[in-house]
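Just below is one structure, and these are the notes that go with it.
The values are calculated or read from the model by the stated rules, or taken from the named source; none is laboratory data. Keep in mind that what you see is a predicted model, and the values were worked out from it rather than measured. Using ideal geometry, Cβ is built from the backbone for each residue, glycine included, and neighbour counts are taken over all protein chains shown.
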Amino acid sequence: MNTPANTSPAHHLALNGVSALPHWGVIQAQGEDAADFLHKQLSNDVLLLPVGQSRLAAFCSAKGRMQASLIVVKTAPDTILLVLSLDLLAQTLKRLSMFVLRAKVKMTDATGQWQLRGLLGDRAKVLLGDAAPWHTVEMAGAYAVALYPSVLSNVQVPRALWLAPISKALPEGPELSSEVWQWAEVMSGVTLLTQPVFEAFVPQMLNYESVGGVNFKKGCYPGQEVVARSQFRGTLKRRTALVHSPVSLTPGQDVFTPADPEQACATVVLSAARPDGQGFDALVSGTLESMQKGWHAGTAEGAALELLPLPYALLADI
């Protein structure tokens, strides 16, 4: 695959402002056992998460396949918010609630109680400066969570999640479309799981171990043995790559290589149009072998996908 420049500098002009996030929702876990309960269900450490801070985590099946990914925000010693894709919220809430049993925690859909906005460029930098991803700033009941930045032409564009009770005033700044936010999300290399790719990946197939989404030192959680075995026994053969496409792609779409035209070798995770109209960029999870042989959309004769450099380093298998 060729490796073209990420984007033209003109794209930076569009990546400064505030975007609504109607495709994300919020689950609230409240009760004295909230942190302990979620610690036993998710791929990251929740017990030691300080109040007012956040982490990325995966919620997996017993086979280690991701059923949701979550931005975990601890707002009080007994209250934790889980920000996730809205199309997975109902089933995730139902499954988590099944495991509560005698734990003193109540799981509810709190989407209607919170405002969610995506901040790009200066809007994110004003609140978080150069904070590392997942660092969180609390402001009178509102929270700004540093996300992985978009990297465009070797320049980082800060990104942040802003969430606050519905009574709070919205953050000021130019209004951005959700399509621009989604493109910036693609260019960060880090995305939340959506319904079309439900149970399609173990966390490492979305590079979650490299972006702070997996803690290999914590205790057991559903799928933990599979996730750990993939990491420590060198069995991980799939990763997520950033690609450019001349045609539109959809989450869940198969990707092929001419070297093995009958068998899909990769799956589209997220795709978005470039703001300048020059094609589409996408995150695609596929086999390392096929990645080097060339990917094509839909069929082995479909549009060729151009590999772009990831904006972060991958952790080596152990």
Sole miss for LYS74 among (1) out of contact with any Lys or Arg (no Cβ under 8 Å at 6 or more places or on another chain); (2) surrounded by fewer than 19 Cβ atoms within 10 Å (Cβ to Cβ); (3) free of Cβ contacts under 8 Å to residues at least 60 places away in the same chain is condition (2)
Inter-residue pairs, beta-carbon under 7 Å, first of a type in the set (Phe, Trp, Tyr) and in the range 191-202, second not in a helix (DSSP H, G or I), 6+ apart: PHE198/GLN67; PHE201/ARG65; PHE201/MET66; PHE201/SER285
Every pair of residues 6+ apart whose Cβ atoms lie under 6 Å, when the first sits in the range 87-101 and is surrounded by fewer than 20 Cβ atoms within 10 Å (Cβ to Cβ) while the second is in a helix (DSSP H, G or I) and not hydrophobic (A, V, I, L, M, F, W, C): ASP87/GLN195
Subset of the range 197-208 (residues that are crowded, with 20+ Cβ neighbours inside 10 Å and within 13 Å of VAL226 (Cβ to Cβ)): PHE201, VAL202, PRO203, GLN204, MET205
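Yes/no matrix, rows are residues, columns are (1) in contact (Cβ under 8 Å) with a residue 24 or more places away in the chain; (2) outside any strand (DSSP E or B); (3) surrounded by fewer than 23 Cβ atoms within 10 Å (Cβ to Cβ):
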| position | (1), (2), (3) |
| --- | --- |
| LEU116 | yes, no, yes |
| LEU119 | yes, no, no |
| LYS125 | yes, yes, yes |
| ALA132 | no, yes, yes |
| VAL145 | yes, no, no |
| SER150 | yes, no, no |
Consider ALA103 carefully, then state whether it is within 20 Å of the chain's Cα centre (by Cα) and either of a type in the set (A, V, I, L, M, F, W, C) or assigned to a loop (DSSP other than H, G, I, E, B) (or both). no
Subset of the range 201-235 that is of a type in the set (Phe, Trp, Tyr) and in a loop (DSSP other than H, G, I, E, B) - its residue that is farthest from ASP276 (Cα to Cα): TYR221
Of the residues that make up the range 67-81, is at least one closer than 24 Å to SER188 by Cβ and not in a strand (DSSP E or B)? no
Would you confirm whether or not the range 52-60 contains a residue that is at pLDDT 95 or above, surrounded by fewer than 24 Cβ atoms within 10 Å (Cβ to Cβ) and either of a type in the set (A, V, I, L, M) or assigned to a helix (DSSP H, G or I) (or both)? no
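State all residues of the range 280-308 that are loosely packed, with under 15 Cβ neighbours inside 10 Å and touching a strand residue (DSSP E or B) at 6+ places or on another chain (Cβ under 7 Å); if no residue qualifies, say none. It would help to see each step written out before you state the result.
Step one: of the range 280-308, the residues loosely packed, with under 15 Cβ neighbours inside 10 Å are 288-289, 292-293, 299, 301.
Correct list: LEU288, THR299.
When you scan the range 236-318 for strands (runs of 3 or more DSSP E) that lie fully inside it, which ones turn up with 2 or more residues that are not hydrophobic (A, V, I, L, M, F, W, C)? Even if it seems obvious, please write down each step before you answer.
Values: elements: 238-245, 254-256, 266-273, 280-287, 295-297, 304-308.
The strands (runs of 3 or more DSSP E) meeting that bar are 238-245, 266-273, 280-287.
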From LEU38, LEU88, residue being modelled with pLDDT of 95 or more, aliphatic (A, V, I, L, M) and within 16 Å of GLU199 (Cα to Cα): LEU88
Residues in the range 156-200 that are within 30 Å of CYS60 (Cβ to Cβ), of a type in the set (A, V, I, L, M, F, W, C) and in a helix (DSSP H, G or I) total 6
Could you say whether any residue in the range 103-114 is free of Cβ contacts under 8 Å to residues at least 24 places away in the same chain, surrounded by fewer than 18 Cβ atoms within 10 Å (Cβ to Cβ) and of a type in the set (A, V, I, L, M, F, W, C)? no
What's the total number of residues in the range 159-173 that are touching a helix residue (DSSP H, G or I) at 6+ places or on another chain (Cβ under 8 Å), within 14 Å of LEU21 (Cα to Cα) and at pLDDT below 95? 1
The one condition in (1) exposed (fewer than 15 other Cβ atoms within 10 Å of the Cβ); (2) out of contact with any helix residue (DSSP H, G or I) (no Cβ under 9 Å at 6 or more places or on another chain); (3) hydrophobic (A, V, I, L, M, F, W, C) that ALA35 fails to fulfil: (1)
Hey, ASP109 of a type in the set (D, E, K, R), in contact with a strand residue (DSSP E or B) (Cβ under 8 Å, 6 or more places away or on another chain), closer than 17 Å to ILE27 by Cα and modelled with pLDDT of 95 or more or not: yes
Taking the range 93-126 only, how many residues are more than 23 Å from HIS23 (Cα to Cα) and of a type in the set (A, V, I, L, M, F, W, C)? 7
